[in-house]
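Below: one structure, written as structure tokens.
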Amino acid sequence: MCNRELLSIVKEVKNKNMSRFGELLGSFEGLICYFAGKLGFDDAAQELTVFLLELVSSMNTDCFLSDESEELNKYISVCIRNRYIFISKKLGKSALEENELSENLGFCVDFENSIALKEGMSRLSVRQREAIILRYIYGFSDSKIAERLGITRQAVNRLERRGLKIMREYLCDQEE
């Protein structure tokens, strides 16, 4: 579902039109069922559904463009996944399996490397980190990142290149 359609539904749900919530839930039901199954307790789907409602109710919709992109869909999906991780940690289960990290980050990461990756990210400037997260986690294009950060596409490329160089150097130092 594109931003235009999803934004319309989200705004109506925010205005307490609960008849549209079923439509919203239908869009994310597969994801909710998947994570609820992985959590493995009876009320997991209900807890994730309530989270979706709370998320939408408190969401600032001004951040999303009413266009044909799927940024809002990705944002809500990532929020649901993050809630799953939070609940998993709360239950004392491992946060993510290795293949889930691979799916979300685009490459194979074991536990030790994920810690190094997180530490490498902490060495970046706020802008570099934002550009890299928007590109590699959310899959935004240069132009979308530039628009979001209020800079040119060339500046986005510079931020990414410098940020990746810093992270590469850090990760290489960790291997030695």
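Exposure proxy shown here: for Thr152, Thr49, the number of other Cβ atoms within 10 Å sets the order, fewest to most, as Thr152, Thr49.
Coupling constants for the range 29-36 follow from the phi torsions by the Karplus curve (6.51 cos²θ - 1.76 cosθ + 1.60, θ = phi - 60°), and in residue order they are 4, x, 5, 4, 5, 4, 5, 4 Hz; glycine and proline get x.
Of the residues Val13, Val50, the one with the fewest other Cβ atoms within 10 Å heads the list, and the complete ranking is Val50, Val13. Note: relative contact order over the range 3-90, using C-alpha pairs below 8 Å and six or more positions apart, is 43 percent. Tally Lys and Arg at +1 and Asp and Glu at -1 over the other residues with C-beta under 13 Å from the C-beta of Phe21: what net charge comes out? Counting the neighbours of Phe21, the net charge comes to 0. Counting every other Cβ atom within 10 Å of each residue's Cβ, Arg129, Arg123 order from fewest to most as Arg123, Arg129.
Taking a ≥ b ≥ c as the square roots of the eigenvalues of the alpha carbon gyration tensor, the range 3-90 is prolate, as a/c is not under 1.5 and a/b beats b/c.
Values quoted throughout were computed directly from the atomic coordinates according to the rules given, and no laboratory measurement underlies them. Because the structure is predicted, anything quoted here is derived from the model rather than measured. Positions of Cβ are backbone-derived with ideal geometry, glycine not excepted, and every protein chain shown enters the neighbour counts.
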